[in-house]
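Shown next, in structure tokens, is the structure this report addresses.
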Amino acid sequence: MPQSQTSLSFEIFPPKKEEEFENVFSLLRELKSLHPDFISCTYGAGGSRAGKTIEIVSFIQKELQIDAIAHITCVGFTREDLARNCDALMEAGVKHVLALRGDRPQSMSDEQFRNREFFYAADLVRYLKEHTDLQISGACYPEKHFEAPSLESDLRHLKEKVDAGVTSLITQMFFDNTYFYRFLEQIRGMGITVPVHAGIMPITTAGQLGTTVSLSGSSVPKKLADLIAVYGDNKEDMRKAGIDYAVSQIRDLKEHGVDGIHIYSMNKIKTTREICSQI
Ligand code: FAD
């Protein structure tokens with residue numbers, strides 16, 4: 001079994017408030033003790049969190065000496081912003097980005113969204129390949145991206161993105177591993193050979209279904225829906241059931257020899273630590 005070759009990584013996000021920043025640095029110090037292969041930090045265009053990604057990835061790279069991945073988005077950057085951002089990353093010793101189309105912030109008008117300088121993630125990838133030496137990862141969707149008319153069209157565009165210079169992929173969260181295995185078979189059949197990190201989101205509160213999960217477009221299997229129906233009203237029981245669900249998903253993925261497990265930590269150290277101790 002090629003289990004030992006499965007990498008482990010985490011995603012974190014910048015806090016909303018300045019005073020919560022110190023908590024993120026403590027969280028990161030604790031995540032280091034779980035020996036991740038890399039930690040990625042999201043980027044939110046608009047609002048107070050824009051710009052904080054650099055500060056966080058610098059800390060991960062310089063202070064913790066863990067490979068950091070900075071998320072960057074078409075929605076968040078003009079060419080000029082991107083050039084400045086890449087210089088700052090280089091200065092911080094960060095060599096890896098996740099190039100994304102990005103979610104549209106509420107503050108952005110239809111017109112601004114339509115007129116963004118980089119349209120698709122692949123356009124960012126082409127720019128980065130031409131102007132920087134950064135290593136570039138991309139996002140992918142085992143159950144298809146919510147805007148794509150079909151999985152086939154989404155996969156065709158994924159292939160274009162990889163061919164433009166993406167060297168690894170991180171998946172959208174999924175809760176049924178069969179979607180992931182089917183997706184892997186399809187992309188390998190199309191000649192996409194880069195490593196794919198499986199995105200795992202622990203569902204530890206019933207509320208996550210109405211927010212994070214519904215936005216992701218990922219389907220909720222009956223087994224998970226049943227857990228939420230039984231434990232949803234009891235905070236601690238729901239947390240434990242959500243951890244068990246994530247652990248069994250990860251164990252199965254490792255048994256299938258996946259390239260990597262990428263845990264959407266949601267900045268929750270206790271849950272992340274408990275999952276890691278069981279895998
Ligand atoms: P793209 O690869 O550009 O694809 C977007 C859509 O366009 C797809 O439907 C695709 O099929 C289609 N498409 C692509 N190329 C073409 C073409 N040439 N012609 C027609 N259609 C095309 N969002 C944030 O704002 N900040 C984050 O930090 C962030 N982190 C994320 C991390 C991961 C691992 C994932 C999976 C998602 C993340 N997102 C983040 C959300 C992401 O930005 C959204 O899902 C976004 O809607 C799509 O981004 P993408 O990079 O996959 O887009």
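The values are calculated or read from the model by the stated rules, or taken from the named source; none is laboratory data. Keep in mind it's a predicted model, so treat the numbers as computed, not measured. Cβ atoms come from the backbone with ideal geometry, glycine included; neighbour counts cover every protein chain shown.
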Quiz item: Is at least one residue of segment 173-185 among the aliphatic types (A, V, I, L, M), part of a helix (DSSP H, G or I), modelled with pLDDT of 95 or more and more than 24 Å from VAL97 (Cα to Cα)?
Solution: no
Quiz item: How many residues are out of contact with any Ser or Thr (no Cβ under 9 Å at 6 or more places or on another chain) and in a helix (DSSP H, G or I) when one looks only at segment 90-130?
Solution: 13
Practice problem: For segment 147-163, state whether one or more residues are away from the ligand (no atom under 13 Å from the Cβ), in a helix (DSSP H, G or I) and touching a residue at least 40 places away in the same chain (Cβ under 8 Å). | Solution: no
Quiz item: From ARG188, ARG273, which residue is of a type outside the set (Gly, Ala, Ser), at pLDDT 95 or above, surrounded by fewer than 18 Cβ atoms within 10 Å (Cβ to Cβ) and under 22 Å from ASP67 (Cα atoms)?
Solution: ARG273
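Condition check ((1) assigned to a loop (DSSP other than H, G, I, E, B); (2) under 20 Å from ILE261 (Cα atoms); (3) in contact (Cβ under 8 Å) with a residue 40 or more places away in the chain; (4) under 18 Å from the mean Cα position of the chain (by Cα)) across all residues:
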| position | (1), (2), (3), (4) |
| --- | --- |
| THR205 | yes, no, no, no |
| VAL213 | no, yes, yes, yes |
| VAL230 | no, no, no, no |
| GLU236 | no, no, no, no |
Practice problem: Pairs only if they're at least six apart or on different chains, beta carbon under 7 angstrom, first in segment 95-106 and touching a residue at least 60 places away in the same chain (Cβ under 8 Å), second of a type in the set (S, T, N, Q) and within 11 Å of the ligand (Cβ to nearest atom); list them, first residue then second. | Solution: LEU98/SER40; LEU98/SER137
Self-check item: Qualifying residues in segment 94-107 (those that are over 17 Å from VAL162 (Cα atoms) and more than 11 Å from the ligand (Cβ to nearest atom)) - the one surrounded by the fewest Cβ atoms within 10 Å (Cβ to Cβ)
Solution: GLN106
Self-check item: Failed condition for THR132, given (1) within 26 Å of ILE200 (Cβ to Cβ); (2) touching a helix residue (DSSP H, G or I) at 6+ places or on another chain (Cβ under 6 Å); (3) more than 10 Å from the ligand (Cβ to nearest atom)
Solution: (1)
Quiz item: Are any residues in segment 97-112 of a type in the set (A, V, I, L, M, F, W, C) and within 22 Å of the chain's Cα centre (by Cα), and if so, which ones?
Solution: VAL97, LEU98, ALA99, LEU100
Quiz prompt | Within segment 212-222, tally of residues that are loosely packed, with under 12 Cβ neighbours inside 10 Å and either more than 16 Å from the ligand (Cβ to nearest atom) or under 19 Å from THR272 (Cα atoms) (or both) | solution = 1
Quiz item: Within segment 178-206, can you find the residues that are away from the ligand (no atom under 16 Å from the Cβ) and small (Gly, Ala, Ser)?
Solution: GLY189, GLY191, ALA206
Quiz item: Out of segment 56-84, which residues are free of Cβ contacts under 8 Å to residues at least 12 places away in the same chain and within 16 Å of the ligand (Cβ to nearest atom)?
Solution: ASP81
Quiz item: Among the numbered criteria (1) polar (S, T, N, Q); (2) more than 15 Å from the ligand (Cβ to nearest atom); (3) surrounded by 21 or more Cβ atoms within 10 Å (Cβ to Cβ), which single criterion is violated by ASN23?
Solution: (3)
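Is it true that LEU209 is within 11 Å of the ligand (Cβ to nearest atom), within 30 Å of THR271 (Cα to Cα) and either aliphatic (A, V, I, L, M) or without any contact (Cβ under 8 Å) to a residue 40 or more places away in the chain (or both)?
no
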Quiz item: What residue, of MET238, MET173, is in contact with a helix residue (DSSP H, G or I) (Cβ under 6 Å, 6 or more places away or on another chain), more than 16 Å from the ligand (Cβ to nearest atom) and of a type in the set (A, V, I, L, M, F, W, C)?
Solution: MET238
Exercise. Specify the residue that is farthest from ALA99 (Cα to Cα); the eligible residues are those in segment 26-65 that are surrounded by 15 or more Cβ atoms within 10 Å (Cβ to Cβ) and among the hydroxyl-bearing types (Ser, Thr, Tyr).
Key: SER58
